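Below is one structure, written out as structure tokens, with a few remarks after it.
Just so it is clear, none of the values below were taken in a lab; they were calculated from the coordinates. On a predicted model such as this, the values are computed, not experimentally measured, just so you know. Cβ placement follows ideal geometry from the backbone for every residue including glycine, while neighbour counts extend to all protein chains displayed.
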Amino acid sequence: MTGETHLPHILANLDVQLRAGAYVLITRATPDPDADAVAAARINEAEGITYVVTEDYARARGEPPGFVAAWLTLKVHSALNAVGLTAAVSGVLAERGIACNIIAGHFHDHILVPAARRDDAIAAIRSLRSA
């Protein structure tokens, strides 16, 4: 299934959904079977493996979280080759001083924002519908 490529149409239909819980990033030098079993996302980099896990999982393993994030999912099916969506989202968040980390999935983009700013981030993203 292909996604939408026309940015005005993407933005007009954009909504955002909050995933339950708080998320943090942890790293490992080599694969961690326990983290693999529970991670919401895994990114392999030359320096090591980054896992996105719940804050509770990290704390239970004695890993103090640095960046505690809310996980927002953009509820529009944009094509992987669509131009401008991540720029529009990161731009509107930057205008409001909200950090963001974007993870692209096949069907949706996912945005990690500071948990304390989640409501501000949701409002900012939704404002793009009327822009």
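Points to keep in mind about this one:
- Computed from point charges on the beta carbon alone (+1 for Lys and Arg, -1 for Asp and Glu), the dipole magnitude for the chain about its Cα centre is near 320 Debye.
- Contact order relative to length of the chain, as percent, for alpha carbon pairs under 8 angstrom and 6 or more apart: 32
- Averaging 1/r across all pairs of distinct Cα atoms in the stretch 7-127 and inverting the result yields a Kirkwood radius of 15.1 Å.
- In the stretch 1-48, the GluC sites (Glu not before Pro) that fall in loop regions by DSSP, at most 13 other Cβ within 10 Å: Glu47
- Loop-resident sites, the stretch 7-58, for trypsin sites (Lys or Arg not before Pro), counting at most 15 other Cβ within 10 Å (DSSP): none
- Derived scalar couplings between HN and Hα for the stretch 16-29 equal 9, 10, 8, 7, 4, x, 10, 10, 9, 9, 10, 10, 9, 6 Hz in order, rounded to whole Hz, by the Karplus curve 6.51 cos²θ - 1.76 cosθ + 1.60 (θ = phi - 60°), x for Gly and Pro.
- Once the Cα atoms are used to define both axes, helix 85-95 deviates from the longest principal axis of the chain by about 80 degrees.
- FRET efficiency for Glu45 and Ala79, using Cβ-Cβ distance with R0 set to 22 Å, rounded to 0.05: 0.30
- Per residue of the chain, the DSSP helices (runs of n ≥ 4 H) give a summed -39500 (n - 2.57) that works out to -8000 deg cm²/dmol at 222 nm.
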